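What follows is a set of notes on a single structure, which appears directly below.
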Amino acid sequence: EKGNYRHFMQKEIFEQPTVVAQTLRSYIHQVDQSVALPQIDFDLSRINRVTIVACGTSYYAGMVAKYWFEQFARLPVDIDVASEFRYRDPVLEPGGLALFISQSGETADTLAALRHCKAAGQTIAVVVNVPTSSMAREADLLLPTHAGPEIGVASTKAFTCQLAVLAALAAHLAVKRGRIDREEEIAIVRHLVETPACLNAALAFDEEIFSMAHLIAPARDVLYLGRGPDYPLALEGALKLKEISYIHAEGYASGEMKHGPIALIDEAVPVIVLAPSGPLFEKTVSNMQEVRARGGKVVLISDADGIKEAGEGCIATIEMPKVHPLIAPLVYAVPVQLLAYHVACVKGTDVDQPRNLAKSVTVE
Ligand code: F6R
């Protein structure tokens, strides 16, 4: 079943161009170049706020979506992990959309949060990979990912498919709310259609990442930094690394580093910086300089412009294609997944069945 791959996780990482394309096909009308939901008769134009709830990697997909929904659709977004959300007595007003993101559709805390929101009169939308799951059945609006079965315990392809759906949903909401015109919608559709090719371009760095894995494998602690929609990617990178290689890793918003974690930096702590070039790149460059001034070893994941500007002095750079901000989190997911994967292989851990972890968490 693994074909030519050593692990399911590796196979699933490499399936991403195919399954993201497959997923996007149900959210894009190729002929009229528009974004549409699979339930075409579902009207989201009266939604006045969004509450996103999920766990783990699915929660990080939700964090990315918050940036998109706010920026593109100008919708206020509240987001929480399900185990906190349920017990904090959240304020849920009429007109709210509650959005749940889950690969399995069975995660106990997320499902309980869904039922809580339903009882509170929210419209329930779910992004799920298992169409027969409890969450899928209980939703008003079902937004499926078509990642296919995910066997590796560490989520990879389900995550990028969630992001694909959420990007399309952000664009759809933006259109419905009159925040983007027809021309912009067509441009977004074009970028979404290009995503699988960009994922392939990112996957082409597999060997390069494989050969830098020995730089990370001996570390006791690793820091991941990102800004804006790439901040959740830093959190996801850290989660992937700790799950499968058992190296302690933390993700931080680049600008938060000087508020504490910088105290950890020395020659033994690799710092992985996720930073596509753009208006905020300068700020991230100065955060990188702060790390380097303390002897920290920086791995920069950026595009050609970013690497040209800030690649010097890094112990390694990984060059991603230059992409639209709506696509960047999908593309940058690939090198963080590959890095975690190869580091785990160097360490010889059980990649597909990490200790203490289960694929579906159906207990609270
Ligand atoms: C991380 C991972 C977990 C899941 C989390 C939620 O690699 O797989 O953090 O993302 O348990 O699971 P679902 O998405 O099934 O609700």
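Numbers below:
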item: Residues in the stretch 132-165 reached by a label modelled at residue 350 [backbone nitrogen below 16 Å; 7 Å Cα→Cβ]; result: 151-154
item: Estimated distance in nm for a label pair at residue 115 and residue 4, the labels positioned 7 Å out from Cα along Cα-to-Cβ; result: 4.7 nm
item: Shape box of the stretch 108-182 [Cα atoms, principal axes, largest first, Å]; result: 40, 32, 17
item: The stretch 196-242 - Debye-derived log10 I(q)/I(0), Cα point model, q = 0.13, 0.33 Å⁻¹; result: -0.39, -1.03
item: Student exercise, the chain dipole from Lys, Arg, Asp, Glu Cβ charges, in Debye to nearest 20; result: 300 debye
item: C-alpha center-to-center spacing [the stretch 235-259, the stretch 1-49] in angstrom; result: 27 Å
item: Degrees, to the nearest 10: 281-293 long Cα axis against longest axis of the chain; result: 40 degrees
item: FRET efficiency, 1/(1 + (r/R0)^6) with R0 22 Å, evaluated for residue 182 and residue 48 via beta carbons; result: 0.35
item: Eligible lysines near residue 297 by straight Cα distance, threshold 23 Å, same-chain separation 8 or greater; result: 240, 242, 258, 283, 308, 347
item: Kirkwood hydrodynamic radius over Cα pairs of the chain, then Stokes diffusion coefficient at 37 °C and 0.692 mPa s, in µm²/s; result: 159 µm²/s
item: Accessible surface of the stretch 6-91 [probe 1.4 Å, protein heavy atoms]: carbon and sulfur percent; result: 48 percent
item: Max mean-square fluctuation residue, GNM over the chain, Cα-Cα springs under 10 Å, options 257, 135, 63; result: 257
item: Dimensions in Å of the stretch 241-364 - Rg and Dmax from alpha carbons; result: 15.8, 48
item: Accessible area in square angstrom per residue, the stretch 257-364, 1.4 angstrom probe; result: 43 Å²
item: Sequence ranges 67-77, 201-211, ranked by mean other-Cβ count within 10 angstrom, highest first; result: 67-77, 201-211
item: Average accessible surface area per residue within the stretch 98-199, 1.4 Å rolling probe, Å²; result: 31 Å²
item: Computed lengthening from residue 190 to residue 132, 0.36 nm per intervening residue step minus Cα-Cα distance; result: 17.8 nm
item: GNM top mover of 186, 244, 301 - the chain, alpha-carbon springs below 10 Å; result: 186
item: For peptides 50-61, 106-117, sequence by mean Cβ density within 10 Å, most packed first; result: 50-61, 106-117
item: Cα-based equivalent ellipsoid of the stretch 63-171: semi-axis lengths in Å, sorted from largest, via gyration tensor; result: 21, 17, 13
item: Zone of residue 71's modelled label, taken as backbone nitrogen in the stretch 11-41 under 13 Å from a point 7 Å along Cα→Cβ; result: none
item: Share of carbon and sulfur in the accessible heavy-atom surface of the stretch 261-364 [1.4 Å probe, %]; result: 52 percent
item: Principal-axis tilt of helix 16-25 within the chain, Cα atoms, nearest 10 degrees; result: 20 degrees
item: Convex hull per residue volume in Å³, alpha carbons only, for the stretch 1-148; result: 129 Å³
item: Residues residue 31 and residue 214, FRET efficiency given R0 of 35 Å [Cβ-Cβ distance, rounded to 0.05]; result: 0.10
item: Helix axis angle, 206-216 relative to the chain longest principal axis, alpha carbon, degrees; result: 60 degrees
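The values are calculated or read from the model by the stated rules, or taken from the named source; none is laboratory data. What you are looking at is a predicted structure, and each value in this text was computed from that prediction instead of being measured. Glycine also receives a Cβ, built like all others from the backbone with ideal geometry; neighbour counts cover every protein chain displayed. When the accessible area is computed, the model is the full protein with side chains, heavy atoms only, and any ligands, DNA or RNA have been set aside. Shrake-Rupley method; radii C 1.70, N 1.55, O 1.52, S 1.80 Å.
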